[in-house]
Structure formats: structure tokens, C-alpha cells
1. In whole Å, how far is the Cα centre of region 315-367 from that of region 385-453?
2. Would you mind working out the accessible area per residue for region 364-431, using a 1.4 Å probe, and quoting it in Å²?
3. How far apart, in nm, are the 7 Å Cα→Cβ label points at Leu89 and Leu416?
4. How much accessible area does Tyr79 have with a 1.4 Å probe, in Å² rounded to the nearest 10?
5. Can you give the accessible area of Trp272, probe radius 1.4 Å, in Å² rounded to 10?
6. Quick one: accessible area per residue over region 104-326, 1.4 Å probe, rounded to a whole number of Å²?
7. Quote the FRET efficiency, to the nearest 0.05, computed for Ala428 versus Asp328 with a Förster distance R0 of 41 Å and r equal to the Cβ-Cβ distance.
8. Compute the length gained on full extension between Ser221 and Thr135: take 0.36 nm times their separation in residues and subtract their Cα-Cα distance, giving the result in nm to one decimal.
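The values are calculated or read from the model by the stated rules, or taken from the named source; none is laboratory data. Quick caveat: nothing in here was measured; it's all calculated off a predicted structure. Here the Cβ is made from the backbone with ideal geometry for all residues, glycine too, and neighbour counts use every protein chain on show. When the accessible area is computed, the model is the full protein with side chains, heavy atoms only, and any ligands, DNA or RNA have been set aside. Shrake-Rupley method; radii C 1.70, N 1.55, O 1.52, S 1.80 Å.
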Amino acid sequence: MKAVLGASWLAMLAAALACGKPSPPAEPSPAPEVAEVAEELAEPWSDAWMLREGQRFIHDTPYRRAALEHSLVNPDNLYSSQRLSSYGLGDRRWDRLPQWNPRSVPVDASMAAQLEQGEFPEVPIERLWDGVEPTTMQGWVSLGRRVFFGYPMRAEVYMEWGLTKRALADAVGVERDARGDIPGLVLFVDTDRQVRVGITCAICHTAVRDGQVVEGAARRSFDYGRLRAEYFEDTGEWVEPGLAERMTQWGPGRADVTEDDDEDPVTIPDLWGLRDQRWLTQAGTIRHDSPLALAIRQETQLTDSNHAMVRPPRALAWALAMYVYALDPGPRTVAKDSPGAAVFEVHCKRCHSNASYGGRVLPHESVGTDPALATGRGRGTGHYRVPNLVRVADGAPFLHDGTVASLDELLSAERLSPDFEGRLRKGAIPGHTAGMDLSPTDRADLIAFLQTL
Ligand code: HEC
Ligand code: HEC
């Protein structure tokens, strides 16, 4: 079993960067060398091994800290520097925060009806978690599901307000399932004892299709920017004018989740096949050769989104990671012997190479798409990651910034031209030119193949 390389690895990276001329600190984050990470893990992560790693994550602070350090590709971006200065420090900073196991319940149809009237229903007395650590993988996954739907990321005044405007709530992607329940919203007792509406992972990472909740699918309809912008307009609360303007331009399915002031909204990704991804986030911010990398991402996300006043019990962060790994879009029959598969092999496979048709990270210059996210101070690494293509036919809009409307648009050279009139954008959409020179037949075959992934 491969131990997680920790501080020693970072020291090596620092040394490697230090030789040659020192880079001036005020420059935009330089692209650090991305250390080699085996694309396929030496051993697939067996359940038994994961259960043991879970115990180390929960109980072994130096192990967690080493995993954090190893997982951050560019220690200088805001995402990483915040975590390096706050997480896994034993008796300091985020490790010292009180653990929070909230009273919180998903908003069902009858609660939704009350909230629409501006009334707050009672929150049951039980906590989200009964405090018992699961001992089986199945147990962890089902606990993780509770967290995914039930752990508040923070109180959301915009949602409280938006729920009282039914037409707006529908228009900004507050989706309801066949029973009228609202996946992704909870009613909870906040740390100040106020009953509040909160959002959870499921508001962005589920979609309702034909009345059924698809867990792990990106919520393409969720227009968080518009919800917030309309809130500020309606209430007259002060908001920085530039921000208000930018929020209306995110459009559905995108959110600026980065910590900087740059304008770099990203699409919400589907969460399929993440076990196969050796890097997490579209700019490859997190090296992912250990499940601790994802568990730490989730623990720090829940801590940060709750304004670093509290932290989730570590068992809940681990459970969330196990649940995310278990997400699956259901059975599919990949057309492996079709003509399109052969086209994919020649034109796409060298990058889209893993079992979920994603791959490694590449310098953003060689990808050629909009560089703002890759070079941004928020999460930038100088790179973009090759995304998985599982269920890509349901995944539009495409690319990290959601500028490409369809597979046809992605593969057509016309979008490189300044007069391009795409469905989502007027003007050139540069980059990712693979497949543009295919014959019409090959392109049609390729798209037919992609539709089976
Ligand atoms: C407001 C919408 C929103 C919420 C809420 C949200 N996410 Fe995300 N999530 C995103 C976006 C946007 C990205 C893409 C970020 C990037 O690539 O930089 C993302 C990325 C991810 C990734 C990385 C996927 C990949 O392909 O590398 C994981 C894992 C993830 N989210 C899990 C969660 C979990 C678990 C929660 C709840 C704790 C959550 N998210 C809450 C919008 C959201
Ligand atoms: C040189 C490496 C490379 C090759 C070759 C390549 N891709 Fe990609 N692909 C990428 C990268 C990197 C991204 C992410 C770029 C971004 O978001 O800015 C991407 C993104 C995509 C996306 C968008 C997925 C999403 O969820 O947004 C699709 C679809 C895609 N590629 C299909 C293909 C197909 C089909 C081929 C073959 C014709 C191909 N790619 C060839 C590197 C490559």
C-alpha cells in the first residue's frame, strides 16, 4: 500500500521551484509542476481498505494533514492557502471549531407549502446523525446520503425569500419531485438557534427528471446568480454594483464558486465516476490519489460554507465522500464495437483515457479554452483537467465555463470564428479543437458513440 506523501513531497516541490530564478510573489499564481500521479491506482480502492482509511482520516491528525498537503496542487491559490493555514493543525484553527451535528430536515411538500406563506414549520428534535459510526461501506454510503440531502451548507436568506415567490423559485431551478418535495433545501436550527432555510449539496448536484430525483446529476436549471440578483433588487439591500451585474450573467447551471473577485463562473459538473479521476475540480486544484483528498475537500467545504464557525463531525465528511464515490447514473451499454468508438480511439482517447473517459491535467495553453479559471487566484493551477464523459449526452452545456451548447457545437470549427453565433454565446469560443477536422460521417458516428457513454 502506498503511503500518502506529505510534507516531504511539498518540500521537494518547493525545492524544485526554488532552483532557477525565484518568482516574484505578487505575480498571478505561477503554474507549478504537476507532480506525476499514476493515472491508474496501483490497487483499486477496496472496501476493506477504504474502511481502514476512514478510521485514519477520523482519528489520525498528522495523517490528515499530510494528505491535505499532498492533495493541493498549487499551495498558493486562495483555496489551498486558506486550507493550509487552517486545516489539520491539531489544537489550532479549524480543528478547534465545535463539531456541529444539526437539527435539520429536508423540505418536503407540506413544509414547502408553509414556507411559501412565509411561515416556518417546526423542526424535529432529532439531530441529523445519531452519533453512531457505520462499520460497513453500505452504512457509510447511506449516512453520506443523509448528509448530501440534509446537512446545511449555510442559512440562505435568498432561498427563504425566493420560496415565497413560487414563479421565481420555479424559474431559477428550485426543482420539486413528483411528490412536491424539494431536494437540496432543508429547514434547520442554526448555531444561533434560529430556524432557517438552508441549501445542501443536493441543490446543485441533483436534477429532477420526470418527477424522479437523479442523485449526482448537475442541476442545469439552477440559476443562483439570478436568484441573488432578484433578491437584491426586490429588497433594496445593498450589493456591490459590479457583483450584481455579474450575477445576472452567470446563467443557469453555472456559479462562481471561487474565492477571488475574478469573473470565472464554472459549470456545475455531474459527479459520475470520480473514483477514476486523479484530479478534482475543472482546474485540477486537488490531486486525488487518496480518498482522504475528497473527504478533506468535503469537510473543508462544509466548514468554510458555514463561515468557519463550526465544523462537521469528521465521520460525516467521510460518509459524504463514500456517498459521492457511490453515485452512478445507472446501467448503460457503451457501443464499444461501433464505428464511433474507433473514431474516439484515434482522436479522443489519448486525453480521455480513464475508465470514465476522463484523464489527466494539461497546461491551459495546450487546451486553449478561456484561461480565467486555470490562471485565477481562486483555484488556479495553470491547468485544466480532462473531464469524465459518462452520460455526456445529458451534460450540456460543455467546457468548464459552460459556453458550448451541444456536442455538435463542440466539434464544429465554426465556433472558432469571431462571427460565430452559438446558442449560448455570440463570438468565438476558442480551444479544444480535437475532432474539428472529422468528415461528416465520422463526426456523426462519434456523436452516436458519445451518446452511449
Ligand atoms: C452552489 C452550487 C453547489 C453546491 C451547493 C455544491 N456544489 Fe459541488 N460543485 C459545484 C461547482 C460549480 C463545482 C465545480 C467547481 C470547479 O470545478 O472548480 C463543484 C464541484 C464539486 C466536486 C468536484 C467534482 C469534480 O469533477 O472534480 C465535488 C466532489 C462536489 N462538487 C461535491 C459537492 C458536495 C459533496 C457538496 C455538498 C457539501 C457540494 N458539492 C455542494 C457547485 C456546487
Ligand atoms: C488534448 C487533450 C484532449 C483531446 C485530444 C480531447 N479532449 Fe475533450 N477535453 C479535454 C480537456 C482538457 C477538456 C476540458 C476543457 C475545459 O473545460 O476548458 C475537455 C472537455 C471535453 C468535453 C466537455 C465535457 C464537459 O463535461 O464539459 C467533451 C464533450 C469532450 N472533451 C469530448 C472530446 C472528444 C469527443 C474528443 C475527440 C474528438 C476529445 N474530447 C478530445 C482534453 C482533450
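1. After rounding, the separation between the Cα centres reads 16 Å.
2. Values: 2820 Å² over 68 residues.
Accessible surface, normalised per residue, equals 42 Å².
3. Spacing of the two 7 Å Cα→Cβ label points: 4.9 nm.
4. Accessible surface of Tyr79 is approximately 10 Å².
5. 10
6. Spelled out: the 1.4 Å probe surface of region 104-326, per residue, equals 39 Å².
7. The calculated FRET efficiency here is 0.65.
8. 27.2 nm
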